[in-house]
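To start, the structure itself, in C-alpha cells.
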Amino acid sequence: MRFVFRTLVLAMLVAAIGGAWVLSRLNRPYEGFSQPVFLDFAHGTSTRSMARELADKGVIQSAWLFLAARAFERGANLQAGEYKFDKPASPLTVYGRIARGDIFYMELLIPEGFNMFDIAEAVEKLGTMSAQTFLAAARDPEMIRDLDPHAPTLEGYLFPNKYRVYRYTTARQICRMMTDEFRAQWKALGARADVHDAITLASLVEREAKRPEERPMVASVFRNRLALGMKLDCDPTTVYAALLQHRYRGAIYRSDLENASPWNTYQHAGLPPGPIANPGVSSIRAALSPAETHYLYFVAKADGSGGHNFSESLVQHEAAVARYQRALRR
C-alpha cells in the first residue's frame, strides 16, 4: 500500500514537473526568422496544418507547442486570414492572436480635398501597388455611372476617410470601398440636387476654403459668378488641368492660367467637366446650401490664418489684393 502511494505521488510530481516545463516552453518567446513572416490561412485550415506552417516559417520552434497551446485555450476557434509575425512571440501568444482573428491590415488615410493623384501616392506608400495601378482604376467611372452618368473619372466620389486595406486588396476594391462610402454619405444628406454639379462645385470649395466656417461663403461666390456667367477664376482648377497633362511644376505659372484645357476656369466660364478633388461632407453641404451673399471675389488673408477677405465689387477686391501684397512685403 505504501509502495502504491509513493508511486502515485511520484507520478503526480513528474506530471507537475512536466506540466511546468511545457508551460514554460509555451510562454517562451521565439524568433526563427530574419524578415517579417506573412502567413495566409484559408477557411478550413486545420490546427495541425497551421502548426506546421508556423514551425516551418520559424514563428514557433515546434509544431507540437502550438498543438499544446490548444489545450490551454480550450473553446477558442482559430480564425482564417493573413497574419504578420515580425517580432519574437510565445506559442501561447501566437495561438491567442489567431484565435482572436488579429489579422494583418494597413490603414489608408485619405484627408478631405485629396485628388486621385494624391490618393494614388498614398496607396503606393502602402507598398502593395504602384500609383499608376491605382490611377488606372480611378480613371474608370463605371462604378459611379448610375449616380453620375457624366462623370469622366471617379474623382469626387473617392470619399475621404480611413480605410482598412489588406496586402491583396486590389485597386478596384479600394475604389469600390471609397465610392460605397460616398453613396452612404450622399444618401444621408438626402440631397435632391444634381450630383455631378453639386460634387464638382463642392470640390472647388474644398480646395479653396481652408476654414470650415468659410465654405458656405466660398460656395456663394462661385454660385453668384455662375449666375452672372462670369468665369470662376479658381486657381485649383489650373493646377488640376496641369496634373491631367502631366506638367504641373508645384506652382501656378502664366502658362497654366492661359492653358486652354476645359478644366481651367480662367479660360472657360461655368463649372469644369467634373470634380477636381474629393470633398468632405462640410464642403458638400456648402455646395448644396451656399450662404446668401452678394460676394463675387475673395482673396487670402496674409496673416496665415487660412481665412479670406470677401468682396462684392472689383474695386473692393483690388483693394483687398493690394493690402495682401503689401502685407507680404513687410
Tell me yes or no: at least one residue of region 218-235 is part of a helix (DSSP H, G or I), under 20 Å from residue 117 (Cβ atoms), outside the structural domain of residue 41 (by TED's automatic domain parsing) and touching a Pro at 6+ places or on another chain (Cβ under 9 Å).
no
Scan 108, 135 and give me the residue that is touching a Leu at 6+ places or on another chain (Cβ under 8 Å) and more than 23 Å from residue 205 (Cα to Cα).
108
Could you check region 111-132 and list, in sequence order, the residues that are among the hydroxyl-bearing types (Ser, Thr, Tyr) and buried (at least 16 other Cβ atoms within 10 Å of the Cβ)?
128
For the list (1) surrounded by fewer than 17 Cβ atoms within 10 Å (Cβ to Cβ); (2) within 27 Å of residue 242 (Cα to Cα); (3) in contact (Cβ under 8 Å) with a residue 60 or more places away in the chain, I need the number of the one condition that residue 151 fails.
(1)
Scan region 167-183 and report the pairs whose first residue is more than 18 Å from residue 126 (Cα to Cα) and whose second residue is in a helix (DSSP H, G or I) and among the β-branched types (Val, Ile, Thr), with Cβ atoms within less than 6 Å and a gap of 6+ or a chain change.
179/144
Within region 159-182, identify whether any single residue is out of contact with any Ser or Thr (no Cβ under 8 Å at 6 or more places or on another chain), within 20 Å of residue 289 (Cβ to Cβ) and assigned to a helix (DSSP H, G or I), and answer yes or no.
yes
For region 81-113, give me the residue count where each residue is in contact with a strand residue (DSSP E or B) (Cβ under 8 Å, 6 or more places away or on another chain), over 25 Å from residue 123 (Cα atoms) and of a type outside the set (Gly, Ala, Ser).
5
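The values are calculated or read from the model by the stated rules, or taken from the named source; none is laboratory data. Since the model is a prediction, treat every value here as computed from it, not as a measurement. All Cβ positions, even for glycine, are placed from backbone atoms using ideal geometry, and neighbour counts span all protein chains on display.
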